[in-house]
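Reviewing the structure listed below.
Each reported figure results from applying straightforward, stated rules to the coordinates on display, with no laboratory input. Computed from a prediction, not measured in an experiment: that's the story for all the values here. Reconstructed Cβ throughout: ideal geometry from the backbone, glycine too, with neighbour counts over all protein chains shown.
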Amino acid sequence: MKRTVLALAVVTLTAGGEIIDRIVGAAGTDVVTLSEARRYLEYQSVFQNKELDLSRQAYREAVDQLLNQVLIRREIEISRYTPPAMSEAEKRLNEWMADKDRGLKMQKQLAAYGITEDDLRKRLLWYITVIRFTDYRFSPGVQVRDEEIEEYYKSNFLPQFRKTSPGAPEPSLDESRAAIQQILVQQKTTQATNEWLNLARQQARVRIFEEALP
């Protein structure tokens with residue numbers, strides 16, 4: 001993914017001059033190509049157990065996410081963060097493969113997309129790394145007040161519990177406190193991550209080249 005932009009019109013050509021790839025986004029001097037965006041969508045199809053979406057909107061969202069990952073990768077390198085072990089990706093992949101139907105579908109997807117299981121493990125490890133790093137980077141500064149927990153309990157937790165478990169004894173606020181605390185910490189961590197990304201995107205002059213999208 002990491003390349004230097006020599007010109008916005010940089011493309012990859014076959015010997016006959018046919019365009020086979022092109023730049024669709026940039027963050028400073030780092031670029032995202034159309035082929036990388038497609039590969040991202042193929043991985044998402046596998047990880048989310050869904051059909052491959054190659055719509056223009058899907059491509060745009062892929063480019064947007066890949067540009068965010070460029071910025072996160074830079075931050076990881078600066079902080080010298082130690083990524084999780086490959087065994088974590090192995091465990092998750094083995095859980096998916098243990099489901100017979102999903103395992104068979106996944107094998108078909110990998111064959112259709114030309115993705116090896118080793119490639120899949122590495123990409124899965126990267127996604128786990130991104131999640132762990134953003135928690136490591138932003139969650140320590142998150143604070144959740146008691147009144148926020150109480151408000152979430154009344155406005156969100158109880159209504160959802162009543163909807164999914166009608167007639168069941170309702171858990172008390174104290175019984176629900178730890179779970180709600182975790183939910184709110186995650187929400188605030190996500191918010192802090194998004195705020196940082198918005199600033200980092202401005203500083204890196206992130207661009208998506210709409211005219212280059214399929």
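Below are the figures for this structure:
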read-out	value
Computed lengthening from S165 to R145, 0.36 nm per intervening residue step minus Cα-Cα distance	4.5 nm
Inter-label distance for K50 and D64, nm, one decimal - labels placed 7 Å from Cα along Cα-to-Cβ	1.4
GNM top mover of A111, A178, A85 - the chain, alpha-carbon springs below 10 Å	A178
Region 39-63 and region 102-169: distance between their alpha carbon centers, rounded to Å	18
Estimated Rh, the chain: Kirkwood, alpha-carbon pairs, angstrom	20.2
Estimated 222 nm signal from helices in the chain, with DSSP H stretches of n ≥ 4 weighted -39500 (n - 2.57), rounded to 500	-20500 deg cm²/dmol
Quotient of C-alpha Rg and 2.2 N^0.38 Å, computed over region 142-193	1.19
Listed residues N156, N94, N198, most fluctuating in the chain (Gaussian network, C-alpha, under 10 Å)	N156
In the chain, lysine pairs with alpha-carbon atoms under 23 angstrom apart (chain gap of 8 or more, or interchain)	16
Within region 68-153, trypsin sites (Lys or Arg not before Pro) in DSSP loop having at most 10 other beta-carbon neighbours inside 10 Å	R80, R145
Summed side-chain charge close to S176 - residues other than S176 whose Cβ falls under 12 Å, Lys, Arg +1, Asp, Glu -1	-2
Principal axis box of region 113-214, alpha-carbon based, largest edge first, Å	54, 36, 29
Gained length - I20 relative to K100, 0.36 nm times residue gap less alpha-carbon distance	25.1 nm
Nearest-0.05 FRET efficiency for Q191 and A111, computed from C-beta distance (R0 41 Å)	0.55
